Amino acid sequence: MTRNYREAYHLHASSGILFNHESPRRGFEFVTRKITSGVARILAGKAKTLKLGNLDAKRDWGHAREYVQAMWLMMQQPEPDDFVIATGETHSVREFVEAAFEIAQLDYREFVTSDPDLFRPAEVNILLGDSGKANRQLGWKHKTNFLELVSEMVESDCQRLGVSLGTPGKVSSSALA
């Protein structure tokens, strides 16, 4: 639709197809925030378990602040265009859970259950974006890696509930094994 209006009315209108962009400000109804707030609630003694849907779904998760930068760069271009904004990496919900619980020094298997009632009716198993055009034309590339993103979100939710993590941000690569 953006392209149609751009061409029909000669508007300087760009569109961005933004893959999952996450931050500590993400709504609690989204799985990433459900996970990170669940970890904080468990650490705070406010919850004992965390129910999730499909742990094997894979998503292309990036940091929202970097996606906003990409939007700003789109609008600075002399000619409008359409861009995909993504990291080009996928991680499963299970990997997100493993990393989040490892940050809290907990074994997710003791707290997390997969509930078939929480599966999406039209589940897409893998979402993966190619931001090559944004990289070439805008000079944009994501900078925050997956573990840094998860860590920032867990730490923020723990701070919100007054929970201490000990050594913030310390995550080993075994979280993805």
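The values are calculated or read from the model by the stated rules, or taken from the named source; none is laboratory data. The model shown is predicted, which means the values in this text are computed figures rather than measured ones. Glycine also receives a Cβ, built like all others from the backbone with ideal geometry; neighbour counts cover every protein chain displayed.
Which of the residues spanning segment 64-107 are over 21 Å from the mean Cα position of the chain (by Cα) and closer than 14 Å to G129 by Cα?
D82
Would you be able to say whether some residue in segment 80-98 is under 28 Å from R160 (Cα atoms), in contact with a strand residue (DSSP E or B) (Cβ under 8 Å, 6 or more places away or on another chain), at pLDDT 95 or above and surrounded by fewer than 18 Cβ atoms within 10 Å (Cβ to Cβ)?
yes
Whether any residue in segment 35-52 is of a type in the set (V, I, T) and free of Cβ contacts under 8 Å to residues at least 60 places away in the same chain is what I want to check. Steps first, please.
Going through segment 35-52, the residues of a type in the set (V, I, T) turn out to be 35-36, 39, 42, 49.
Cutting the leftovers down to free of Cβ contacts under 8 Å to residues at least 60 places away in the same chain gives us none.
No, segment 35-52 contains no residue that is of a type in the set (V, I, T) and free of Cβ contacts under 8 Å to residues at least 60 places away in the same chain.
Could you check how many residues of segment 99-136 are small (G, A, S), exposed (fewer than 14 other Cβ atoms within 10 Å of the Cβ) and at pLDDT 95 or above?
So the count comes out to 1.
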